[in-house]
Amino acid sequence: MQPLIITCAGVGAEVTRAQQPALPLTTNEIAQDAARCRAAGASIYHLHVRDNEGSPTMDVDVYKAALTAIRDATDVIVQFSSGGAVTDTEDIRIAPLDLQPEMASLTTGTVNFGSEVFWNPPPLIERFYQRIRERGILPEFEIFEPGMIANALRIYEDRAESHHRHFDFVLGVPGAMPAWEDSIAYLAQHTPAEATWSATGIGRWHLAVTKAAIELGGHVRTGFEDVVYFERGRLADSNAQLIDRVASMGRAAGREIATPDLTRNLLGL
Ligand code: KMH
Ligand code: ZN
């Protein structure tokens, strides 16, 4: 099996300090968090940023400061979110891509998201994908529902693109695909053989998804965006603690933990 790529989704747009007191919010906190997660085994940091009040923002200057601080602190691959928060407009979400991070998330479909809608109609997907590729960024296709795989395959083929395809299955968002026992295997089977995929389970689904992804030869995403508890009734101390657990599980399953440079190699960055 391939070395295990661990992605830290350490900030997110929804979780608050009240829910998770160790949530990194400022540029410095995020950079330190990325460095600690890198030391624990993460090779990609999926980045959302917050404003001075701790609310989610897509402000380009805030993203720029965070990107610079992370690059100064560690060699982790920085993956910008292009999803932002459900309240962000298309123009607001696309703007940070001009900073040319190595990777950016791209959700290839609209989906219910709790009591809201995460809005990704076809013209938005095409516009974001074009911008991502023009800026030399590698997309990570965020898959909340099976149809999103078909949409990702279609835009790749329609534009006659040629780049490594990496998918992330996000399972257990209320309103979207649950982490059924066969969900991961089903989704993986519909990705191209040469592609890579990772998986994450939201909240109570998290550990089962992590285990299944490691066993099936996939990769794993963890972090406070997806889970705030380490185990039932006990909050995680830090993102690094969550990364450390995934790395231990990976090693126990015989998987080498990919460094950022090895991940760059695997993903063709
Ligand atoms: N915050 C969600 C509405 C992404 O980062 O690309 C969208 C999200 C996906 O987190
Ligand atoms: Zn995100």
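Read the figures in this text as sums done on the coordinates, not as results from a lab. Predicted model only: the values in this text are computed from it and were never measured. Neighbour counts are summed over all protein chains in view; Cβ atoms, including those assigned to glycine, are modelled from backbone coordinates with ideal geometry.
Remark on Arg221: its backbone amide H falls under 5 Å from those of Thr7, Ala199, Thr200, a criterion applied only to residues 5 or more positions apart or on other chains, H modelled at 1.01 Å from N. Calculated on the alpha-carbon coordinates, the convex hull of the chain measures out at 112 cubic angstrom per residue. For the Cα trace of the stretch 23-99, dividing Rg by the Kirkwood Rh returns an Rg/Rh value of 0.95. Search the structure for amide H atoms under 5 Å from the amide H of Ala195, placed 1.01 Å from N in the peptide plane, and list their residues when 5 or more places away or on another chain. When sequence neighbours closer than 5 places are left aside, there are no close amide H contacts. Using a cut-off of under 17 Å, list every residue of the stretch 176-193 whose amide N is near the label point 7 Å from the Cα of Glu14 along the Cα-to-beta-carbon line. Counting only backbone N, you get 176-180.
Its DSSP H runs of at least 4 residues, each contributing -39,500 (n - 2.57), put the calculated 222 nm mean residue ellipticity of the chain at -11000 deg cm²/dmol, to the nearest 500.
With both residues required to sit in the chain, DSSP beta bridges show an antiparallel share near 20%. Using 0.36 nm per residue and subtracting the Cα-Cα separation, the extra length available between Ala185 and Ala252 on full extension is 22.0 nm.
Based on the alpha carbons, how large is the Rg to Rh ratio for the stretch 141-253 when Rh follows Kirkwood?
With Rg and the Kirkwood Rh in hand, the quotient comes to 1.00.
Around the amide H of Tyr229, modelled in the peptide plane, lie the amide H atoms of Ala236, all under 5 Å away and 5 or more residues distant in sequence or on another chain.
At a 10 Å Cβ-Cβ cut-off, how would you order Ser183, Ser43, fewest neighbours first?
On the way: Ser183 20, Ser43 27.
Fewest-to-most Cβ neighbours within 10 Å comes out as Ser183, Ser43.
Computed over the stretch 51-208, the P(r) tail beyond 19 angstrom holds 56 percent of alpha carbon pairs. Using alpha carbons only, how many angstrom separate the centre of the stretch 54-132 from the centre of the stretch 193-269? What the calculation gives is 21 Å, centre to centre. Taken one residue at a time, the phi angles of the stretch 238-249 give Karplus couplings (6.51, -1.76, 1.60, θ = phi - 60°) of 6, 4, 4, 5, 5, 5, 4, 5, 5, 4, 4, 5 Hz. Gly and Pro are set to x.
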